[in-house]
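Worksheet for the structure shown next.
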Amino acid sequence: MTSIADNLATVRARIDAACLQAGRDPSEVSLLPVSKTHPVAAVLDAIEAGCTRFGENRVQEAIGKWRELRETHPGIEWVIIGHLQTNKARDAARFATEVSSLDSLKLARELAKRLEREGRQLDVLVEVNSSGEPQKSGIAPEDAPALARELAAFDALNVKGLMTVAINSPDRSRVAACFQRMQDLQARLREEAPKTSSWDELSMGMSGDFEEAISHGATVVRVGTAIFGARDYS
Ligand SMILES: *Cc1c(COP(=O)(O)O)cnc(C)c1O
């Protein structure tokens, strides 16, 4: 086994244990491996170990990997999880299966326009800034219901749920509070928002906090470092 296959097995076991602990069925939680900054060789190791979907922050990097793999591995799906500028919407609309970082009406409009031209649909999650930190992307929780109402108008966008990056803090209660806000918001949207979405997906939890996220209802955990190792940005 490669170390990536080993790491994947460990992460999957941790997900299962966290589900057990939370009284949840492990089939409710899916793992999104985050391959950003790592080479195609690492993605291939993960594919070998059974992964079919990958999270990437930057559209350009994701497109490069998609181009390299689309002939040999046509079933692989790419999920954009990083902040997406409107001028990159066209590129995302060409190949992504999902954008988990939808955070404005402007971006939704641009994506929908480009998707119609491509004759494609896109799954989207609304990214919420659950910690209130100014440097974080995502809309404020209180603004989510209004955006949810507007999103119902776009046929090319399948709104699946919510995404967040919790505060990075050694204080577990502050991390848990972020996840709790997301669960509360999900419940509110299920009551108030248009029925065009069931808001079932809650993408939250990363290498350092996915067990906590699972205990707060996460249905997708996005894990990079614990699978692929540390990132080198140099
Ligand atoms: C990089 C990234 C992850 C994965 O983070 P790790 O700590 O490496 O697991 C998850 N979500 C988003 C939005 C990211 O940018």
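The values are calculated or read from the model by the stated rules, or taken from the named source; none is laboratory data. Quick caveat: nothing in here was measured; it's all calculated off a predicted structure. A quick note on method: Cβ atoms are made from the backbone with ideal geometry, for glycine too, and the neighbour counts reach across all protein chains shown. These area figures cover heavy atoms from the full protein model, side chains too; ligands, DNA and RNA do not enter into them. Shrake-Rupley method; radii C 1.70, N 1.55, O 1.52, S 1.80 Å.
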Original post:
Is there a residue in segment 86-99 that is modelled with pLDDT of 95 or more, out of contact with any strand residue (DSSP E or B) (no Cβ under 7 Å at 6 or more places or on another chain), closer than 18 Å to residue 163 by Cβ and within 16 Å of the ligand (Cβ to nearest atom)?
Top reply: yes
Subject >> Complete set of residues in segment 16-46 that are open to solvent by 30 Å² or more (accessible area, probe 1.4 Å) and either within 22 Å of residue 232 (Cα to Cα) or hydrophobic (A, V, I, L, M, F, W, C) (or both) >> reply: 17, 20, 22, 31, 36, 37, 39, 41, 44, 45
Original post:
Which is of a type in the set (A, V, I, L, M, F, W, C) and within 16 Å of the ligand (Cβ to nearest atom), of 22, 18?
Top reply: 18
Original post:
Which condition number in (1) within 16 Å of the ligand (Cβ to nearest atom); (2) in contact with an Asp or Glu (Cβ under 7 Å, 6 or more places away or on another chain) is the one that residue 61 fails?
Top reply: (2)
**OP:** Return the pairs, sorted by first residue and then second, in which the second residue is at pLDDT below 95, the first residue lies in segment 35-55 and is part of a helix (DSSP H, G or I), the beta carbons are less than 8 Å apart, and the residues are 6+ apart or on different chains.
**Re:** 45/2; 48/2
Original post:
Picking from 92, 22, 112, which residue would you name as being more than 18 Å from residue 218 (Cβ to Cβ) and touching a helix residue (DSSP H, G or I) at 6+ places or on another chain (Cβ under 6 Å)?
Top reply: 92
Original post:
What number goes with the only condition from (1) over 13 Å from the mean Cα position of the chain (by Cα); (2) open to solvent by less than 10 Å² (accessible area, probe 1.4 Å); (3) over 24 Å from residue 198 (Cβ atoms) that residue 107 does not pass?
Top reply: (3)
**OP:** Please go through segment 145-161 and pick out each residue that is farther than 12 Å from residue 109 by Cα, under 18 Å from the mean Cα position of the chain (by Cα) and without any contact (Cβ under 8 Å) to a residue 60 or more places away in the chain.
**Re:** 148, 158, 159, 161
**OP:** Mind listing just one residue for me: the one in segment 94-104 that is crowded, with 22+ Cβ neighbours inside 10 Å and small (Gly, Ala, Ser) and, of those, nearest to the chain's Cα centre (by Cα)?
**Re:** 100
Original post:
Within segment 148-234, which helices (runs of 4 or more DSSP H) (wholly inside it) include 3 or more residues that are within 14 Å of the ligand (Cβ to nearest atom) and exposed (fewer than 14 other Cβ atoms within 10 Å of the Cβ)?
Top reply: none
